[in-house]
Structures are given as structure tokens and as C-alpha cells.
């Protein structure tokens, strides 16, 4: 049998503009954007980010993933020049790369502060939780370039906040401050800037206390049924419930409840 190879092997040798920290003891992985001051996301970086999410999804040492950045800005967006250099076929795959956090079976938290524009906003929208600092500003400024958001931004935003607010943000390239993002239902919580890391750590710890299999099931069910009819969503929910019914974690949860003790979930 011939030796199998894949572009991923070489693509992950040198990460472009970000790092990955895996803390097996705390069962968490951090993907850290590191191209200050604005943490611009290059074209190659998009492919790498997708592969990293896929790798962490398969890593048994990781339960929760945090996407964060160094400095006062999460990301001002993508490499503008790179869009003109890329082929149309490559550009058409951008949304697939940026949807990687949503496809990942594990909970993904985005910690946002300062500028969170364009693809920075889009990849945050693909995460499960968005903790924003009061300094955060979300925006999709592509109209200023004679373009539209290309990595799922307007589509995801419309699902969250409706067509009126999405047109207001997209067609006017309008910035949404952190507190307003929370009020609109874009952000999970809004905290003072100095408390962003503490709030992120607390959410990670909270998520680790739940059953991994129940968390994965809930995430996939909610993602899969977001654009389905109510009757199909209820039907799928029932199937997922019945599947978890025979899990070790559910039995442990019920026994712990009756014994008035903390459940020790194993993820099976």
C-alpha cells in the first residue's frame, strides 16, 4: 500500500498569524490570533484555522476550545489584497473554512474585544458562545470595498437578529458596540474589558462540569435544526433524547441527582 499524504501535513507545520495552546490538565485548547496590532487574518490562515479546529475535534485531551487574540483588538478582518490574488474557486471555499467552529463537535467560545470586523466577526459568529468586552465593536464593513460578507456573516447574523437589523449592519457597514451586541442577542455576555479573561475561564470551567456527550448532542441538534421546521426539530430532539437515554452519563446523572452528589461524567 502506498504511503498516504495530505496537504494538511505541511499546511500545519508553521501556523500563520496564530498559535495553539493545549492544556490537557484543564481539558482546554486556546487558538490565539497573534498578528498585532489588528490580528489580520491571511488567506493561508483560514485554511489552517479550519484544520486546527478539525484536529482539536479529534483530540481526546480537549473538551472545550477558546478562540481569542492578543492585544486590544480581536481582529480587524481579512487580508484585503489577498482577495484579489485568490482564485474564484478558492474564494468560494472561504465560508467552509470559517464555519469550522460550528462543525466542531465540542463547545467553542469566542472572547472578543476591540475591533471584531469582517472575517473576525464571521468566525466569532460560527462559535457557540461569544463573550464580548465593553470595548468590542462588531462590524461587516465589506460594502466599503464594493463587496458583501463572504464567509457566512450576513447569513448567520440574519438568523440571530432578523433582516431589519442585518440590513442596518451590512448595508451601512455599521459598527455594533459590545453592550448592544448583547442586547440584540449576538453576544452571550458583555463584561468590562478587564474581566474578559476571567469570564472566559469561568465559562470553560462551567462547561467542563457537564456530560461531553450531552454537550455534543445539544450543539449538533441546535445547529442542525436552526433552519428546519418546528415539527422536524421536535422529532430530531426526541431521537437525540432517546439515544442519550442509554448513555452511561445519563445513568450517572440520574444516580448523582438521587444521591445528592456531584455527577462524574465520562463522556460515554
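Just so you know, all these numbers are worked out from the coordinates, no wet-lab data involved. In this text the structure is predicted, and so the values were computed from the model without any measurement. Ideal geometry is used to build each Cβ from the backbone, glycine not excepted, and the neighbour counts take in all protein chains shown.
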**Q.** Footprinting exposure proxy for 241, 138 (fewest neighbouring C-beta atoms within 10 Å first)
**A.** 241, 138
Q: Please figure out what share of the DSSP beta bridges in the chain is antiparallel and state it in percent, rounded to the nearest 5.
A: 30
**Q.** Prolate/oblate/rounded call for segment 25-126, Cα gyration tensor, a/c under 1.5 rounded
**A.** oblate
(Q) Output the 0 to 90 degree angle, nearest 10, between the alpha-carbon long axis of helix 248-258 and the longest principal axis computed from the alpha carbons of the chain. (A) 60
Q.
Taking 0.36 nm per residue of sequence separation and subtracting the Cα-Cα distance, how much length would be gained by fully extending the chain between residue 24 and residue 164, in nm to one decimal?
A. 46.0 nm
Q.
At 0.36 nm per residue, and after removing the present C-alpha to C-alpha distance, how many nm does the segment from residue 248 to residue 202 gain when stretched out fully?
A. 13.9 nm
Q: Could you check how many percent of all C-alpha pairs in the chain are farther apart than 26 Å?
A: 45
Q. Taking only Cα atoms, what is the 0 to 90° angle, nearest 10, from helix 212-225's long axis to the longest principal axis of the chain?
A. 50
Q: Could you tell me how many degrees, from 0 to 90 and to the nearest 10, lie between the Cα long axis of helix 230-245 and the main elongation axis, the longest principal axis, of the Cα atoms of the chain?
A: 50
Q) Between residue 194 and residue 44, what is the spin-label point distance in nm, taking each point 7 Å from the Cα along the Cα→C-beta axis? A) 4.0
**Q.** Top of 112, 223, 39 by mean-square fluctuation, Gaussian network on the chain, Cα under 10 Å
**A.** 223
Q. Going by how many other beta carbons lie within 10 Å of each one, how would you line up 191, 119, fewest first?
A. 191, 119
Q | Diffusion constant of segment 212-258 at 10 °C, which comes from Stokes-Einstein with the Kirkwood Cα-pair radius and 1.306 mPa s, µm²/s | A | 139
Q: Would you mind ranking 260, 220, 198 by Cβ crowding within 10 Å, fewest neighbours first?
A: 260, 198, 220
Q) Which FRET efficiency value, to the nearest 0.05, is calculated for residue 229 and residue 83 with the Förster distance at 35 angstrom and r the Cβ-Cβ distance? A) 0.45
Q) GNM, the chain, Cα, under 10 Å: largest mean-square fluctuation among 26, 81, 46? A) 81
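So what is the relative contact order of segment 7-208, in percent, for Cα pairs below 8 Å that sit 6 or more residues apart?
Relative contact order, segment 7-208: 18 percent.
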